[in-house]
Amino acid sequence: MLLSNVRRLSLDRGYTLAEILVVLVIIGISAALAAPNLISWSHRQKMRSAVKIVQGAMEDAQRQAIRLGKKCTLQLDGARNDGMTTYNRLTAETTDRGQCLVATASARPSGLDENDKDRVILELPNEIRMVTNIASYNNYPKIVFSFLGNVSHPNQALDLFPSDSSNPAENFKKYPMIVLYSTLENPSSASTSQQRRCVVIVSMLGALRTGIYKGALTDLDANQCKIQVDGGASN
């Protein structure tokens, strides 16, 4: 009987303050160790989503231009001065009624332009913005997909794909590209953390290269868009 009472008292007494403190310390340490990984994972997911939006918008605009038999103009919007001009939205429109971002919009609806119900607006995830070397036309960087799917600039005098055979690397440097970066990083330095992503239009037929951007945001260079292979990047 006495042994039974001792066991009952032992089971009923609960946890001591010291035991509770030990558990709280363990939980706190575990949370501190896990937080950076969780933040990094969240950032990677946002960046992956942003790349899909940009790449998908270009591919969708090209497909719709061919399907509609009309030009589709893709435009970067949501400009902001962050020491350089950055953007967080994409829109596309035709020369007539009809949406140019049908598939992309259904995958990630972001709303319609209040002034034009046929123009879809695609917004990047929070904290992700774009910079580009695509020249502005009427205050916005724009590229045009013809009814054949070819890529050009609204200003026909601009050559998006220079072809001076004496310096191929210098030519490719100027190819139209969009670089995505996090507003949490320092945009003025070259990236060494493999956080920036890039989408380059590598031919007038609309072929794309995506990868990790290794250069500085203030002087874009398409040669610095390194194709990612097996979790790494090419040199």
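Tabulated data
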| item | result |
| --- | --- |
| Counted residues, the range 57-71 - those being under 19 Å from the mean Cα position of the chain (by Cα) and free of Cβ contacts under 8 Å to residues at least 60 places away in the same chain | 1 |
| Among the candidates Ser165, Ser136, Ser146, residue that is touching a residue at least 40 places away in the same chain (Cβ under 8 Å) and not hydrophobic (A, V, I, L, M, F, W, C) | Ser146 |
| Candidates Ser182, Ser193 - the one that is out of contact with any strand residue (DSSP E or B) (no Cβ under 8 Å at 6 or more places or on another chain) and modelled with pLDDT under 95 | Ser193 |
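Yes/no matrix, rows are residues, columns are (1) surrounded by 13 or more Cβ atoms within 10 Å (Cβ to Cβ); (2) at pLDDT 80 or above; (3) under 15 Å from the mean Cα position of the chain (by Cα):
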| site | (1), (2), (3) |
| --- | --- |
| Gln45 | no, yes, yes |
| Lys52 | yes, yes, yes |
| Gln55 | yes, yes, yes |
| Thr73 | yes, yes, no |
| Thr104 | yes, no, yes |
| Thr132 | yes, yes, yes |
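The values are calculated or read from the model by the stated rules, or taken from the named source; none is laboratory data. Note that the structure is predicted; figures quoted are calculated from it, not measured. All Cβ positions, even for glycine, are placed from backbone atoms using ideal geometry, and neighbour counts span all protein chains on display.
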